[in-house]
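Report on one structure; see the data block that follows.
The values are calculated or read from the model by the stated rules, or taken from the named source; none is laboratory data. Source: prediction; values computed, not measured. Cβ: placed from backbone, ideal geometry, glycine included. Neighbour counts: every protein chain shown.
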């Protein structure tokens, strides 16, 4: 494997990869989608609902990019508006109320940069999620399945365990954005991708994630079966932990430069 | 609501307005040109007016100057002064950049933290430094803010914070991003203890700081005309291919859209924060009032 970090970025973005809904369909049983933030709208870029994981009720959230051109446009290419984050928070608070674990699938180039998103408080919506997730009293596992684009990804990744697909990336800024700000040259995106340390291996050595999920059989039943088993095992460990919230605090607390 | 009166700066130079005669000045005294009204004002006069132009424009202010303006004289005791950023990712050029910025700003990091009194009210205070990489949040920045909220939780003190930031610091990659979660968790723990946090957003407050502790306060104020937002205006224009409405992402725009409690000009900030600190720590059943 001689892939550069920028190759990984391109892989993470490629439309052939399974999207959030594929994970929901193949890992869980009896998914019931629940819509809307009860404030303004329903954001198709984040899908949420309840389902069973090996029989256990769970709350599932997934950023969805869509497969076809039409679907991708409808899903806003997986770039959530504030409504998406507020819907996610609503469903997570509900998970807490009913004692269900939360599983998130993260895949976004970033929170949407638009006029309406700003008018309705994109920053505030993300901030509120970061705050509320830090003390949610049920286990949370987040899996980065493609792009982990900055705060827009983190808003669903304040979790007890954060896992990444082998070719997923996680970054504070896109390599193109970084190159154009720092070097006034978006063409140097590959250099930026090197410097940003955004691969799954980098994230693990920085202590930002716990586990890298191999991509053998990506999208095939065996692939999803493997993830289902890992989730079930990890959730039973987390559910038995009496100091979940304290450990979640420490998990982020120890990360400094 | 009482906060509305803070919408307009009531400073001594206000009466003249845009059409006022040019300010008399001593020959050779350095002056500053206002980007809003283009008036030139001697620096000494601006300093006497908390760096606010006669037209009400709020110039950028160094963190230490702001502390002098807002904290009671001699009350600020700095915490964690030696915490500074390393170059954890070996990001090209970052170490040089940090050293240059440290030399130019005289600060070790993009935020100053400490305990202070404001109008006699004890509090923890953080002030971000616009002259340090525009207040960008790296690992040490997040560490200092987190540690300040933890100190405030332990000592049962309210927190007053002045935000200014271009967002998370790119050169520390994911470690910067994680500071958003880390600071937010510390704000939540402080809040869950029933303690008060007031934030004042100054020009500009954007990106990862807006999307974390800046927007998590019990009372959120902003300085007049300050740019406050998540995404940069240029990025939004490129994404949407539309011209942005006038006044987009200004403090006044956020107030209209329900994301601020009020706008407070510099001259009014100390009195307002003092009042808020008294009101929010003097509630019935609050520990300090317990018999």
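When the residues of the stretch B:213-248 are narrowed to those that are touching a residue at least 40 places away in the same chain (Cβ under 8 Å) and facing chain A (nearest Cβ under 8 Å), which ends up nearest to residue B:62 (Cα to Cα)? Checked the stretch B:213-248; the qualifying residue nearest to residue B:62 (Cα to Cα) is B:214.
Only a single item in (1) under 19 Å from the mean Cα position of the chain (by Cα); (2) more than 10 Å from every other protein chain (Cβ to nearest Cβ); (3) surrounded by fewer than 24 Cβ atoms within 10 Å (Cβ to Cβ); (4) farther than 27 Å from residue A:100 by Cβ is not met by residue A:213, and it is number (4).
Restrict the check to the stretch A:193-207 and report whether at least one residue is facing chain B (nearest Cβ under 10 Å) and assigned to a strand (DSSP E or B). First the steps, then the outcome.
Step one: list which residues in the stretch A:193-207 are facing chain B (nearest Cβ under 10 Å), which gives A:194-198, A:202-203, A:206-207.
Those left that are additionally assigned to a strand (DSSP E or B): none.
No, the stretch A:193-207 contains no residue that is facing chain B (nearest Cβ under 10 Å) and assigned to a strand (DSSP E or B).
State the number of residues belonging to the stretch A:172-188 that are assigned to a loop (DSSP other than H, G, I, E, B), within 17 Å of residue B:174 (Cβ to Cβ) and more than 9 Å from every other protein chain (Cβ to nearest Cβ). Talk me through it step by step, then tell me what you get.
The initial filter retains those residues of the stretch A:172-188 that are assigned to a loop (DSSP other than H, G, I, E, B), namely A:172-174, A:183-185.
Next, from what is left, pick out any that are within 17 Å of residue B:174 (Cβ to Cβ): A:172-174.
Okay, now just the ones that are also more than 9 Å from every other protein chain (Cβ to nearest Cβ), so A:174.
Result for the stretch A:172-188: 1.
Do we have any residue at all in the stretch B:163-182 that's over 23 Å from residue A:160 (Cβ atoms), within 15 Å of the chain's Cα centre (by Cα) and surrounded by fewer than 24 Cβ atoms within 10 Å (Cβ to Cβ)? Yes: the stretch B:163-182 contains one or more residues that are over 23 Å from residue A:160 (Cβ atoms), within 15 Å of the chain's Cα centre (by Cα) and surrounded by fewer than 24 Cβ atoms within 10 Å (Cβ to Cβ).
Test residue B:132 against the stated conditions and say whether it is more than 14 Å from chain A (Cβ to nearest Cβ), farther than 30 Å from residue B:275 by Cβ and surrounded by 20 or more Cβ atoms within 10 Å (Cβ to Cβ). Step through it out loud before you land on a result.
Numbers: more than 14 Å from chain A (Cβ to nearest Cβ): yes; farther than 30 Å from residue B:275 by Cβ: yes; surrounded by 20 or more Cβ atoms within 10 Å (Cβ to Cβ): yes.
Criteria met by residue B:132.
Checked against (1) modelled with pLDDT of 95 or more; (2) in a loop (DSSP other than H, G, I, E, B); (3) crowded, with 17+ Cβ neighbours inside 10 Å, residue A:252 passes all but condition (2).
Kindly evaluate residue A:88 against the criterion of being at pLDDT 95 or above, within 23 Å of residue B:230 (Cα to Cα) and more than 11 Å from every other protein chain (Cβ to nearest Cβ). Against the criterion (at pLDDT 95 or above, within 23 Å of residue B:230 (Cα to Cα) and more than 11 Å from every other protein chain (Cβ to nearest Cβ)), residue A:88 qualifies.
Kindly indicate whether any position in the stretch A:30-53 is within 13 Å of another protein chain (Cβ to nearest Cβ) and in contact with a helix residue (DSSP H, G or I) (Cβ under 8 Å, 6 or more places away or on another chain). Yes: the stretch A:30-53 contains one or more residues that are within 13 Å of another protein chain (Cβ to nearest Cβ) and in contact with a helix residue (DSSP H, G or I) (Cβ under 8 Å, 6 or more places away or on another chain).
Would a scan of the stretch B:151-158 turn up a residue that is without any contact (Cβ under 8 Å) to a residue 12 or more places away in the chain, out of contact with any strand residue (DSSP E or B) (no Cβ under 8 Å at 6 or more places or on another chain) and either within 14 Å of another protein chain (Cβ to nearest Cβ) or farther than 21 Å from residue A:207 by Cβ (or both)?
So the first thing to find is which residues in the stretch B:151-158 are without any contact (Cβ under 8 Å) to a residue 12 or more places away in the chain, and the list is B:154.
Cutting the leftovers down to out of contact with any strand residue (DSSP E or B) (no Cβ under 8 Å at 6 or more places or on another chain) gives us B:154.
This time we only want the ones that are either within 14 Å of another protein chain (Cβ to nearest Cβ) or farther than 21 Å from residue A:207 by Cβ (or both), so: B:154.
Checked against the condition, which is being without any contact (Cβ under 8 Å) to a residue 12 or more places away in the chain, out of contact with any strand residue (DSSP E or B) (no Cβ under 8 Å at 6 or more places or on another chain) and either within 14 Å of another protein chain (Cβ to nearest Cβ) or farther than 21 Å from residue A:207 by Cβ (or both), the stretch B:151-158 yields at least one hit.
When you check residue A:149 against the structure, is it within 11 Å of chain B (Cβ to nearest Cβ) and either under 22 Å from residue B:186 (Cα atoms) or surrounded by fewer than 24 Cβ atoms within 10 Å (Cβ to Cβ) (or both), yes or no? Answer is no for this residue. Selection of first residues in the stretch B:27-48 that are in contact (Cβ under 8 Å) with a residue 40 or more places away in the chain and of second residues that are crowded, with 16+ Cβ neighbours inside 10 Å and in a loop (DSSP other than H, G, I, E, B), restricted to Cβ pairs under 6 Å at least 6 apart or on distinct chains, gives the following pairs, ordered by first then second residue: B:36/B:55; B:36/B:57.
Quick one: would you say residue A:96 is more than 11 Å from every other protein chain (Cβ to nearest Cβ) and out of contact with any helix residue (DSSP H, G or I) (no Cβ under 8 Å at 6 or more places or on another chain)?
On the way: more than 11 Å from every other protein chain (Cβ to nearest Cβ): yes; out of contact with any helix residue (DSSP H, G or I) (no Cβ under 8 Å at 6 or more places or on another chain): yes.
So residue A:96 fits the description; yes.
Specify the residue that is farthest from the chain's Cα centre (by Cα); the eligible residues are those in the stretch B:249-266 that are in a loop (DSSP other than H, G, I, E, B) and away from chain A (no Cβ under 12 Å).
Looking only at the stretch B:249-266, we keep the residues that are in a loop (DSSP other than H, G, I, E, B), and these are B:249, B:257-261, B:264-265.
Next cut, away from chain A (no Cβ under 12 Å) only: B:261, B:264-265.
Numbers: B:261: 15, B:264: 12, B:265: 12 Å.
Going through the qualifying residues, I end up with B:261.
Of all residues in the stretch B:185-211, those satisfying the criterion of being without any contact (Cβ under 8 Å) to a residue 60 or more places away in the chain and farther than 27 Å from residue B:278 by Cβ are B:185, B:206, B:207, B:210, B:211.
Any chance the stretch A:234-245 includes a residue that's closer than 16 Å to residue A:25 by Cβ and away from chain B (no Cβ under 14 Å)? No; the residues of the stretch A:234-245 include none that is closer than 16 Å to residue A:25 by Cβ and away from chain B (no Cβ under 14 Å).
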